[in-house]
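Structure first, then comments.
The values are calculated or read from the model by the stated rules, or taken from the named source; none is laboratory data. Here the structure is a predicted model, which means the values were calculated and not measured. For neighbour counting, all protein chains shown are included, and Cβ atoms are generated from backbone atoms with ideal geometry for every residue, glycine included. Please note that ligands, DNA and RNA were not included when accessible areas were found on the heavy atoms of the full protein model with its side chains. Shrake-Rupley method; radii C 1.70, N 1.55, O 1.52, S 1.80 Å.
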Amino acid sequence: MWTTLEQIFPYAIVFTIPLLITALGALFSERSGVVNIGLDGLMIVGSFMGAFVASRLQEQYPNDAWVLWVGLLAAMAAGMLFSLLHAFASINLSANQIISGTAINLIAGALTIFLARNMTGSGNIRISTFAPFEVPLLSSIPIIGDLFFTRTYAVTWFVLLILVISTIALYKTPFGMRLRACGEHPHAAEAAGVRVQSMRYVGVMISGAFSGLGGAAILMTYSGEFNGNVSGLGFLALASLIFGQWRPLGVLAATFFFGFASTVANVSQVIPSLAVIPPVVLKVFPYVVTLIALVIFSKSSNAPKAVGEPFDSGKR
Amino acid sequence: MNMIKSLAAVLLGLAAGALLMALTGHNPAEGYKFLFEGGLKNPERIGNTLATATPLILTGLSVAFAFRTGLFNIGAAGQMLFGGFCATAVGHLVDLPRAVLLLLMVLVGFLGGALWALIPGILKARYNVHEVVSTIMMNWIAYWTVFYAIPSYFKGGSETESRQLPANALFHENWLSELFQGSYVNLGFFIAIISVLITGFLINRTTLGYELKAVGFNRHAAEYAGIAVKRSIVMSMFISGGIAGLAGVAQYAGNASSIQIGILPTQGFDGIAVALLGANAPLGVLVSAIFFGLLYSGRGFMNAMTEIPPEIADSIIAIIIYFAATSILIDRLYRKYKSRRAANKKQGG
Amino acid sequence: GCGSKPEEGATGGAGGEAPKASFTVGMVTDAGTIDDKSFNQGTYEGIERANKDFGTGLKYQKPAGTTEAEYTKEIGNLYDAGYKFIVTPGFKFETAIFKAQEKYKDAKFVLIDGAPNSGEPDAKPVVADNTVSIFFAEQESGFLAGVATALQLKEGEAGFIGGIQIPPVQKFNWGFQQGLNYANENLDTKVEIKKDNVVYQGTFDNVAAGGQLASQMYSNGVKVIFAAAGGVGVGAIQEAVTRAKGGDEVWIVGVDVDQYNDGVYGDKSVVLTSAVKKIDQAAYDMIKAETEGKFPGGQTLTLDAKSDGVGLPAENPNLSEEVLKQVDEVLEKIKSGEITVSAEQGDLLP
Amino acid sequence: MDYVVEMEGIRKEFPGIVANDDITLQLQKGEIHALLGENGAGKSTLMSILFGMYQPDRGRIRVKGKEVRIANPNVANKLGIGMVHQHFKLVEPFTVTENIILGSETRKFGLFLDVKRAAKRVGELSKQYGLNVDPYAKIEEISVGMQQRVEILKMLYRDAEVLIFDEPTAVLTPQEILDLQGIMKNLTNEGKSIILITHKLKEIKAVADRCTVIRRGKTIGTVQVAETSRETMAEMMVGRSVSFKVDKKESHPGETVLEVSSLTVKNSKKVDAVKSFNLNICAGEIVGIAGVDGNGQTELIEAITGLHKAESGSVLLNGKPIEDLSIRQRNESGIGHIPEDRHKRGLVLDYTLEENMILEVYNRPPYSKNGLLKPGVMRKHAEHIIESFDVRSGSGGRSVVRSLSGGNQQKAIIGREVERDPDLLIAVQPTRGLDVGSIEYIHRRLVEQRDKGKAVLLVSLELDEILNLSDRIAVINNGELVGIVHAAETNEQELGLMMAGYGKEEGSA
Ligand SMILES: Nc1ncnc2c1ncn2[C@@H]1O[C@H](COP(=O)(O)OP(=O)(O)OP(=O)(O)O)[C@@H](O)[C@H]1O
Ligand SMILES: Nc1ncnc2c1ncn2[C@@H]1O[C@H](COP(=O)(O)OP(=O)(O)OP(=O)(O)O)[C@@H](O)[C@H]1O
Ligand SMILES: [Mg+2]
Ligand SMILES: [Mg+2]
């Protein structure tokens, strides 16, 4: 059992990371007061842009890792740009935030494939990915070393760094305080001189950038190929955000939980001790356990109070 | 007046779509000509538009009903799949005169979808579990349940879909197909229309609708009024899920004749957009679903007749939805403005 | 870029060089895109090639869903727009073509991987005069890949990852196992496949699961995985590349098309060989036949090793000369009927 | 004259209504200037303009003699103008300090919040003005009065010179009101100037120097408070004379309607909020419950109406036990309830008046039959209430209740409950936030109920109201009944002592 755990742990982490960063981005958006169910689409956009940039650069610099970093940045930029569509609709036009998010999902899947085909000749773009590595020293720590520091990807550490920075930014800086105020009580923020609409723009754009990064992270770690979808991970990220109660560490726990449970479910088919369980049980396991966990933890909800409400400074 | 405004909103969307066509080097006028011809040109195409709209009417209605009672049912896909699965099971296993069988399938489909939504309903009412998460989870549970149940019990010619339903258990109707010249429009469309009417009636005219809406608007006031709040939440989800279940019946025993595994029906998510575009009103949903049906159904023709590739056609539709959605605002603002004006006039005078 | 070109042909092969055929070719895709490295892409490539050679024009339609109604609708759209030679890849089109061949008598249909039927239980295939139904002997392709794998690796463990348990995928699997067994018995190799290492993931698009499954198998000592699983296979290849870069000796056997390039790292590739099924050729040949007035309407063709419809890729940089020679010998025996590859499970692993 | 703020000829039009019409207001340095007007007269609008939330259509604003354009609250803050809004603008999950520094944060290393330093400054300010606020407390955990002081601190923290209070006392307890008045005096002593919006003439009398009265968006005049009687000010405000004393005949109590004995109720934190409470109310009398806010009134009422389950004890209505009945059954057996929070409990704001008027009876004939609503009957019912309770709204029964002013919302609730003709009418804070005209009206209707032989249970934080309306007064402190007194035989001082927990001998009167 232990060796199995050891083996699947790094994969669970790799699977968690895109979910984590996407949910974290959504946290910024929702904390600023804007629901973003367009995460799936934004991830796809990031995946496309990451693949496009990286594949082009890899033609020239086939073995350079910096190429991938450029791809990641491009993916973040693309996600951010695309999220402006959502920001504009939900902040300037006070449109229904859910419908504009849904539209984002619809547009992204179709448009990126079209662009991919026009720009590269194929709707699928392959790139060469990051290579996993062992963290020196740390990987030799008993137990933890095997679980957390072997077969790690640079992206993982990058995302965890963002998580730390985000947590600090959210709770220890004026920016974070203002952002949270906009999601809780935009009128209070306004009265205190905070520019609510700008903050919400920032929130949505961070969400766009992080989702883009999430999509590119899938591409540059375990998939290696853009193909116009991210298998509904955006919705799972949204669920993790709520499950994680809109807190960075909660989101970390929730996404890791999903990552771990789905990885177990995925590989169970080739683990003899688990293979005896009917496959349907294994496949629904992550979702059922989540429901149970929600029942246990979700007595109180910490949803930002004003999330989803268009801000109208005249209204009281 | 209202119709003109909604139309204006949709026109804005179409204009944005035109812009995209022009930007990608295609002729918008031609594109739209074929888009609409594709959905309306002849009776068959009209029939297909209605058939495409049928499950959308029902999922849209399901989402809209939940919205009206303060719930966001993002799980219509799973409810539709499971409801459709239950109805399919009945269609395979039960042998009854056709009319009775079809009614039974409708009933069981409704109950299957309702059951699937009941769980999030109970979790919400009893444990305050956010319905968005729980319905997303239920989607995947439905996906996998059906995924394994179909090959085990109703295996068809291939592993990825169920056996075809016997003709007795299908909603296809010859006179309808003939009327629409071979279109696959079927009795499901009438189920949808009837559901729209019943739901509209339920929401606006009955004490049950009054209760459910009151709970949606203000839980505390509903409690004060003596309404059983928790039961109402469960009831709302139950009905919403049931309507989504009907979408499954219409889809799998009407538009199709078998269930495919390995996909969540896209109508579940489209239903959200349909509901919101229809302003969450049953009749609005009907119109907006038919509009969606027209777009989806005409798209292929536009694609075949012009150089616009399918992906651009998809994007154009998405952009139309986006702009139509955002410009609903125009309408809303205008109405608000007018009503306030009227109100204040009276108050002031 | 070059991507905008496909559509140009649709007006009827405006590209000057090619002669203009008297008909235009349309295709309806199955679930997935035309870049799926599988039957959609293969079919499309065949049509593209035919367009170049005969100026047939080309157009593909992407249905909104995968129901018969939606397929029928797109076929109708193509027909109405004047595309009267229609190619559809995948068994899911069986019932749609069954109806279309009746409804559009003046159109021609090519159904790949399936035979038109009414869809009723125990329905008999009905291939009308305006339709050709094409099957492939995937098991022979899998068999050759199995033999090649065993010969190249000599000994070790093999695994199989399938997408969904559909007949073509199963036949690949069974053929592959028979190939390994044949080599072990006759060619002095020792490449085993264990029950635990034969899995169907359950989807064709779960990339993450593909990688995780492959990783688990490799960690359990599997050296080569035959991945017949679409996007799941993409994940598996990706995992193999990552491991290979790290110095492990792991291999993938590709499917449907030559996947060598998908497994490239540095100047090597993890793709040992691929069990190929020449869909593009089939599509091309049918169009060609039509231009020559020899469309084999009403027939059901099974493309096998003998007809060169299945086999290994032309180039196999990862296989040694020696191995290739032996594989060729086996191929000859299949062609001559000395070896028959069963398309049934028999006593093989599921 | 030395004015800190001058607003001249201000006009503000909302679609269809002129909220401010040529209003002039001049604020002297160091004064408390009251702004008086009916509900909807335009007071909040005028102040929102001064605070930069709205732009006036016409008119000039001068601050310290210099003409200014206040484009947004930030500009107002910079000009030294601060505002405590009628509905507090505080972020609930934040701490006091965080709320105060929001928008003008103290930083360390240029990038990070320096909450510690800010909290220290907040603590000092709090001490300087005697506000007694814990800088680290979370808003959702402190009392309303404390929240208000946080709002005040927010202004002081930003060095506001001009402080605007929009109906600051509507939500405060009598003690808190006294405290606030002290604080305001402190502030003016320190040289700050205050604009005070209130409906309570008594408070204007107590603290204000001058008072500007507006009616329907127009300035009626500015008076010296010391030289003007309450009656005069009220008349200026509503345009007719208003009586403050409630006319009521002597009561003739009949049968016992409500009998509460040894009732114990736990609050949401599982602490006993009501302890072995005993109370009788007879037909034809008004019993007031006096007490400082948060001493168990809410729980007591909720236990009687069924919104909250009692721990032990019994509640009899007309002699029949009701403690095991559902809310609906209690409603049906004769309880009417005017709830404390009209927005939270009393109304479905997005329903129309017609719909709201059947909130508790929608499931009964004649309003519905066989599960179907009867729109005709609903309309008539609503029209009846609108007419007999003078509920003013834009489109009559079809108006969405959200669009009604607070006073009219309250009148609608009272109408709904009175029309149900309950044996026991429970009225909790029935006149909170309303202008004197509306208060007078509502008081009359309550007394009318009594005179019709109904039992009325009145809960109010305002001693005036309790003393004016009640026949008997039960005083509650810390969940316990301190004593019951006859209204005619007691006074504010005695009640005040009892509310603080000093018992009166006789158990019941
Ligand atoms: N944003 C707005 N849009 C339209 N009308 C408004 C708006 N704000 C206020 N009004 C209207 O302007 C008038 C004045 O409102 P205001 O809030 O200034 O009254 P008020 O004197 O503060 O009343 P109260 O004593 O009830 O607080 C009212 O008729 C109100 O309906
Ligand atoms: N954005 C707005 N648009 C239109 N009318 C508004 C708006 N905001 C407030 N009002 C109206 O302004 C009036 C006064 O608002 P205010 O918030 O001062 O309520 P109020 O009458 O004092 O009630 P309460 O004391 O219960 O809060 C009400 O009639 C309210 O409906
Ligand atoms: Mg006001
Ligand atoms: Mg007020």
Legend entry - Single residue of B:L170, B:L179, B:L187 found to be surrounded by fewer than 24 Cβ atoms within 10 Å (Cβ to Cβ), touching a residue at least 12 places away in the same chain (Cβ under 8 Å) and in contact with a Pro (Cβ under 8 Å, 6 or more places away or on another chain): B:L179
Inset, instruction - Answer yes if at least one residue in the stretch D:29-46 is open to solvent by less than 50 Å² (accessible area, probe 1.4 Å), within 12 Å of chain A (Cβ to nearest Cβ) and under 24 Å from D:I204 (Cβ atoms), and no otherwise. - result: yes
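Here's the yes/no breakdown for (1) over 27 Å from C:I164 (Cβ atoms); (2) of a type outside the set (S, T, Y); (3) within 14 Å of chain D (Cβ to nearest Cβ):
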| position | (1), (2), (3) |
| --- | --- |
| A:Y201 | yes, no, no |
| A:T221 | no, no, no |
| A:F226 | no, yes, no |
| A:Q245 | yes, yes, yes |
| A:A265 | no, yes, no |
| A:I277 | no, yes, no |
| A:V280 | no, yes, no |
Inset, instruction - Determine whether the stretch D:360-368 contains at least one residue that is more than 10 Å from chain B (Cβ to nearest Cβ) and buried (at least 23 other Cβ atoms within 10 Å of the Cβ). - result: no
Legend entry - Number of the condition not met by B:L277 [criteria: (1) open to solvent by 20 Å² or more (accessible area, probe 1.4 Å); (2) modelled with pLDDT of 90 or more]: (2)
Legend entry - So B:T54, is it within 14 Å of chain A (Cβ to nearest Cβ) and modelled with pLDDT of 95 or more: no
Legend entry - Subset of the stretch C:80-100 (residues that are over 21 Å from C:P121 (Cβ atoms) and more than 9 Å from chain B (Cβ to nearest Cβ)): C:K84, C:F85, C:I86, C:V87, C:T88, C:P89, C:A100
Legend entry - Cβ pairs under 7 Å, 6+ apart, first in the stretch D:235-248 and open to solvent by 80 Å² or more (accessible area, probe 1.4 Å), second in a loop (DSSP other than H, G, I, E, B): D:E235/D:S241; D:E235/D:V242
Inset, instruction - Look through D:G376, D:G336, D:G396, D:G371 and report the one residue that is crowded, with 22+ Cβ neighbours inside 10 Å and away from ligand 1 (no atom under 16 Å from the Cβ). - result: D:G336
Inset, instruction - For the stretch A:86-108, name all the residues that are more than 7 Å from chain B (Cβ to nearest Cβ) and within 25 Å of C:D35 (Cα to Cα). - result: A:I104, A:N105, A:A108
Inset, instruction - Filter the stretch D:47-58 down to the residues that are away from ligand 2 (no atom under 15 Å from the Cβ) and open to solvent by less than 10 Å² (accessible area, probe 1.4 Å), then identify the one that is farthest from A:E190 (Cα to Cα). - result: D:L50
Inset, instruction - Could you please find all residues in the stretch D:155-172 being more than 16 Å from ligand 2 (Cβ to nearest atom), touching a strand residue (DSSP E or B) at 6+ places or on another chain (Cβ under 7 Å) and among the charged types (D, E, K, R)? - result: D:R158, D:E161
Legend entry - Output for the stretch D:74-89, where each listed residue is open to solvent by 10 Å² or more (accessible area, probe 1.4 Å) and away from ligand 2 (no atom under 16 Å from the Cβ): D:N74, D:V75, D:N77, D:K78, D:L79
Legend entry - Selection from the stretch D:340-359 of residues that are at the interface with another protein chain (Cβ under 9 Å from one of its Cβ atoms) and either touching a Phe, Trp or Tyr at 6+ places or on another chain (Cβ under 6 Å) or over 22 Å from D:L458 (Cα atoms) (or both): D:R345, D:V348, D:L349, D:D350, D:Y351, D:E355, D:N356, D:I358
Inset, instruction - May I ask you to list the residues in the stretch D:179-191 that are open to solvent by 10 Å² or more (accessible area, probe 1.4 Å) and either within 25 Å of D:N39 (Cβ to Cβ) or within 16 Å of ligand 1 (Cβ to nearest atom) (or both)? - result: D:Q181
Inset, instruction - Select from the stretch D:416-437 the residues that are modelled with pLDDT of 85 or more and surrounded by 22 or more Cβ atoms within 10 Å (Cβ to Cβ) and list them in ascending order. - result: D:R416, D:E417, D:V418, D:P422, D:L424, D:L425, D:I426, D:A427, D:V428, D:Q429, D:P430, D:T431
Legend entry - Among (1) within 16 Å of ligand 4 (Cβ to nearest atom); (2) at pLDDT 90 or above; (3) not in a helix (DSSP H, G or I), the one test that D:A41 misses: (2)
Inset, instruction - Give the stretch C:60-79 a look and list any residue that's assigned to a strand (DSSP E or B) and either at the interface with another protein chain (Cβ under 7 Å from one of its Cβ atoms) or open to solvent by 20 Å² or more (accessible area, probe 1.4 Å) (or both), or say none. - result: C:Q61
Inset, instruction - Would you please name the residue that is surrounded by the fewest Cβ atoms within 10 Å (Cβ to Cβ), looking only at residues in the stretch C:189-203 that are in a strand (DSSP E or B) and within 13 Å of chain A (Cβ to nearest Cβ)? - result: C:K195
Inset, instruction - Scan the stretch D:50-68 and give yes if some residue there is within 20 Å of A:F311 (Cβ to Cβ), among the hydroxyl-bearing types (S, T, Y) and in contact with a strand residue (DSSP E or B) (Cβ under 9 Å, 6 or more places away or on another chain), otherwise no. - result: yes
Inset, instruction - Quick one: which residue in C:E48, C:E120 is surrounded by fewer than 24 Cβ atoms within 10 Å (Cβ to Cβ) and more than 28 Å from B:L165 (Cα to Cα)? - result: C:E48
Inset, instruction - Kindly indicate whether any position in the stretch D:2-23 is of a type in the set (G, A, S), near ligand 3 (Cβ under 10 Å from one of its atoms) and not in a loop (DSSP other than H, G, I, E, B). - result: no
Inset, instruction - Go through the stretch D:116-169 residue by residue and tally those that are within 12 Å of chain A (Cβ to nearest Cβ), in a helix (DSSP H, G or I) and within 16 Å of ligand 3 (Cβ to nearest atom). - result: 1
Inset, instruction - Return the residue satisfying two criteria in turn: it lies in the stretch B:155-167 and is at the interface with chain C (Cβ under 9 Å from one of its Cβ atoms) and touching a helix residue (DSSP H, G or I) at 6+ places or on another chain (Cβ under 6 Å), and of such residues it is least open to solvent (accessible area, probe 1.4 Å). - result: B:S158
Legend entry - the stretch B:282-308 - residue that is open to solvent by less than 10 Å² (accessible area, probe 1.4 Å) and outside any helix (DSSP H, G or I) and, of those, modelled with the lowest pLDDT: B:I308
Legend entry - Flag for D:A19 being buried (at least 22 other Cβ atoms within 10 Å of the Cβ), more than 16 Å from ligand 1 (Cβ to nearest atom), touching a residue at least 12 places away in the same chain (Cβ under 8 Å) and assigned by the TED database to the domain that holds D:I204: no
Inset, instruction - Please indicate, with yes or no, whether at least one residue in the stretch D:305-316 is within 14 Å of chain B (Cβ to nearest Cβ), in contact (Cβ under 8 Å) with a residue 40 or more places away in the chain and part of a strand (DSSP E or B). - result: no
